[in-house]
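The block underneath contains the structure these notes are about, expressed in C-alpha cells.
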Ligand SMILES: [Zn+2]
C-alpha cells in the first residue's frame, strides 16, 4: 500500500484529499495542544522542544487511537493542512507530522511518499499529473491544462 503525502497551508489547497490537522479547526488526533502552540508562539520553548513534545503527543495519540492513524495512512493521497505559511522555515507541525507518518507507515507496511508542499510549482505539477496518472487538481491552476 502507498500513500502520496503532501503538505499545504490552509486556503492554498482545497482538493478532496485536504485534511486539516490543526488544534483550532481540525482533527485533534494529529494536532499539537494549545499549550505547546502558545508556548512556541510566545518564545517560551524552542523548536527542538516543540518537536519533542509534539512527537510524544503523536505517539500517545497513536497508542490511544490506532484506527484514526490507519485510516489516514490508507487514504492513498493526502494533503495535511495547517495555518502556517510554507516559507516559515518549516516551523510547522505539518512537516513533523509528515515525518511521523513516514516512520509509522514504515512500521505498519504503508509506503509513504513525501510529495512536498502544495501547490506544486506549475511545471512540476504537470509532470506529476502526467507521470502518475493523477486526477487533475482542483484549484486555479486547473485551467492551465
Ligand atoms: Zn503550522
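The values are calculated or read from the model by the stated rules, or taken from the named source; none is laboratory data. Remember, predicted model here, so these are calculated numbers, not experimental data. Because the Cβ atoms are built from the backbone with ideal geometry, glycine has one as well, and the counts that use them run over all protein chains shown.
Annotations for the structure displayed:
Results for (1) surrounded by fewer than 19 Cβ atoms within 10 Å (Cβ to Cβ); (2) over 15 Å from the mean Cα position of the chain (by Cα); (3) within 12 Å of the ligand (Cβ to nearest atom); (4) within 21 Å of residue 35 (Cα to Cα), shown as yes or no for each residue.
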site: 71; (1), (2), (3), (4): yes, no, no, no
site: 75; (1), (2), (3), (4): yes, no, no, no
site: 78; (1), (2), (3), (4): no, no, no, no
site: 83; (1), (2), (3), (4): yes, no, yes, yes
site: 90; (1), (2), (3), (4): yes, no, yes, yes
site: 99; (1), (2), (3), (4): yes, no, no, no
site: 104; (1), (2), (3), (4): no, no, no, no
site: 118; (1), (2), (3), (4): no, no, no, no
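- For residue 5: the one exception among (1) touching a helix residue (DSSP H, G or I) at 6+ places or on another chain (Cβ under 7 Å); (2) in contact (Cβ under 8 Å) with a residue 12 or more places away in the chain; (3) more than 28 Å from residue 120 (Cα to Cα): (3)
- In summary, residue 114 fulfils each of the numbered conditions (1) in a loop (DSSP other than H, G, I, E, B); (2) away from the ligand (no atom under 13 Å from the Cβ); (3) closer than 11 Å to residue 7 by Cα with the single exception of condition (1).
- Inclusion of residue 24 among residues that are surrounded by fewer than 16 Cβ atoms within 10 Å (Cβ to Cβ), within 13 Å of the ligand (Cβ to nearest atom) and either modelled with pLDDT of 95 or more or farther than 24 Å from residue 120 by Cα (or both) is warranted.
- Of all the criteria given as (1) within 16 Å of the ligand (Cβ to nearest atom); (2) surrounded by 17 or more Cβ atoms within 10 Å (Cβ to Cβ); (3) without any contact (Cβ under 8 Å) to a residue 60 or more places away in the chain, the one not satisfied by residue 62 is (1).
- Of all residues in the stretch 59-69, those being within 13 Å of the chain's Cα centre (by Cα) and farther than 21 Å from residue 16 by Cα number 0.
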